[in-house]
1. Residues in the range 148-157: is at least one part of a loop (DSSP other than H, G, I, E, B) and of a type outside the set (A, V, I, L, M)?
2. I'm checking my understanding of the structure. Among residues of the range 191-209 that are in a loop (DSSP other than H, G, I, E, B) and of a type in the set (A, V, I, L, M), which one is nearest to the chain's Cα centre (by Cα)?
3. Under the condition of being under 30 Å from residue 137 (Cα atoms) and of a type in the set (D, E, K, R), which residue from the range 225-284 is surrounded by the most Cβ atoms within 10 Å (Cβ to Cβ)?
4. Residue check: is residue 55 crowded, with 23+ Cβ neighbours inside 10 Å and not in a loop (DSSP other than H, G, I, E, B)?
5. Suppose we keep only residues that are touching a helix residue (DSSP H, G or I) at 6+ places or on another chain (Cβ under 6 Å) and of a type in the set (A, V, I, L, M) within the range 201-224. Which one would you say is surrounded by the fewest Cβ atoms within 10 Å (Cβ to Cβ)?
6. Out of 270, 291, which single residue is part of a helix (DSSP H, G or I), in contact with a Leu (Cβ under 8 Å, 6 or more places away or on another chain) and β-branched (Val, Ile, Thr)?
7. Report, ordered by the first and then the second residue, all pairs with beta carbons closer than 8 Å, sequence separation of six or more or different chains, a first member in the range 136-163 that is within 23 Å of residue 256 (Cα to Cα) and buried (at least 24 other Cβ atoms within 10 Å of the Cβ), and a second member that is of a type in the set (Val, Ile, Thr) and modelled with pLDDT under 95.
Amino acid sequence: MMRIIVTLVLTLFFLVTITVLAQRRNRDTSPKIPESVTVHRDIAYVTDGHERQKLDLYVPADTGENLPLIIWVHGGAWLGGNKTHYRPMEYLSAGYAGASINYRLSQHAVFPAQIEDVKAAIRWLRANAETYRLDPNRFAAWGSSAGGHLVAMLGTAGDVAEFEVGKNLEVSSKVQAVVDYFGPTDFLQMDAHRLPDGLVHDAPDSPESKLVGGPIQEHKDRVAKANPITYVSKDDSPFLIIHGDQDKLVPFHQSMLLNDALEKAGVPVTFYRVEGGGHGWFRDPKVPEVTKTFLEQHLKPTQSR
């Protein structure tokens, strides 16, 4: 029993350490906010809601047109992370506005609270698009790891009314493009395809088990509800999926499953495999190139021709 407890504690410590290191690395390497960008911090997208139900909005100087919006959804195993670091900062100098979203973590509420929050944030942004000079028809959602899972849910479950909770229900929570960096999909298959020294996901204290409120193999119905593949249909948003094939936290196979399901349904999808890549921190120069091309194609189609 003591051995199991020690293993679980070490696993949680490992996850927290990875999250902290990732956030520090991102802060150290991210470009500064351009001087021409106005930042609106801690906007509540749910009235009188949880302290995590807030977003930051980055709006470049007025160019005479409403701008496409890139929405960042942070990772952190649904246990940590925050909106402070806006990952696509460089795009604020390239004709895009930006938003960074916080959402309730698994210690606050189990799934589907997380996708309910992200959808509520999208609806708030669309309902207030004119006020902040955003183009409501050009929204992209970009996330990594747990954030990748949530943006994938946005892409496939954009039309699932069950997850629409709260205000601004008269507008859609669908996005026009999804950038999924190594997000989990089918939790039940993670351990079958994990690397030999990879994280154990079937454990009762794993991030996935915490997210659904119990050991994943004992709650397969809850896992199916949290699986973006469950909702795939031909009218889903175009996807870009990027994943390292040596990822020890989220097996590469997870993105293979999503890619195959999207292709089978006829959804436009680009799947880029990072050879030798781990859980992010990619050095492959093709990663930013592929991402930039994808966003231009779907948010600035006239410029990408």
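1. Going through the range 148-157, the residues part of a loop (DSSP other than H, G, I, E, B) turn out to be 157.
So of that shortlist, the ones also of a type outside the set (A, V, I, L, M) come out as none.
No, because not a single residue in the range 148-157 is part of a loop (DSSP other than H, G, I, E, B) and of a type outside the set (A, V, I, L, M).
2. Initial filter on the range 191-209 (in a loop (DSSP other than H, G, I, E, B)): 194-206.
Now drop any that are not of a type in the set (A, V, I, L, M), which leaves 195, 199-200, 203.
On the way: 195: 23, 199: 20, 200: 22, 203: 23 Å.
Across the range 191-209, the extreme among qualifying residues is 199.
3. So the first thing to find is which residues in the range 225-284 are under 30 Å from residue 137 (Cα atoms), and the list is 225-243, 254-273, 280.
Now narrow it down to the ones that are of a type in the set (D, E, K, R): 225, 234-236, 260, 263-264, 273.
Values: 225: 18, 234: 9, 235: 10, 236: 25, 260: 14, 263: 14, 264: 10, 273: 16.
It comes out as 236.
4. On the way: crowded, with 23+ Cβ neighbours inside 10 Å: yes; not in a loop (DSSP other than H, G, I, E, B): yes.
For residue 55, the condition - crowded, with 23+ Cβ neighbours inside 10 Å and not in a loop (DSSP other than H, G, I, E, B) - is met.
5. Taking the range 201-224 first, the residues touching a helix residue (DSSP H, G or I) at 6+ places or on another chain (Cβ under 6 Å) are 201-202, 205, 208-209, 212, 215-216, 219, 222-224.
Then drop every residue that is not of a type in the set (A, V, I, L, M), which leaves 212, 216, 223-224.
Values: 212: 23, 216: 24, 223: 22, 224: 14.
So, considering only residues that are touching a helix residue (DSSP H, G or I) at 6+ places or on another chain (Cβ under 6 Å) and of a type in the set (A, V, I, L, M), the one surrounded by the fewest Cβ atoms within 10 Å (Cβ to Cβ) is 224.
6. Values: 270 fails: part of a helix (DSSP H, G or I).
So the residue among 270, 291 that is part of a helix (DSSP H, G or I), in contact with a Leu (Cβ under 8 Å, 6 or more places away or on another chain) and β-branched (Val, Ile, Thr) is 291.
7. Taking only residues 6 or more apart or on different chains, not a single pair turns up.
Residue by residue, here is whether (1) more than 24 Å from residue 269 (Cα to Cα); (2) in contact (Cβ under 8 Å) with a residue 24 or more places away in the chain holds:
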{"site": "54", "(1), (2)": "yes, yes"}
{"site": "60", "(1), (2)": "yes, yes"}
{"site": "68", "(1), (2)": "no, yes"}
{"site": "71", "(1), (2)": "no, yes"}
{"site": "74", "(1), (2)": "no, yes"}
{"site": "77", "(1), (2)": "yes, yes"}
{"site": "116", "(1), (2)": "yes, yes"}
{"site": "131", "(1), (2)": "yes, no"}
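The values are calculated or read from the model by the stated rules, or taken from the named source; none is laboratory data. These numbers come from a predicted model, not from an experiment. Cβ atoms come from the backbone with ideal geometry, glycine included; neighbour counts cover every protein chain shown.
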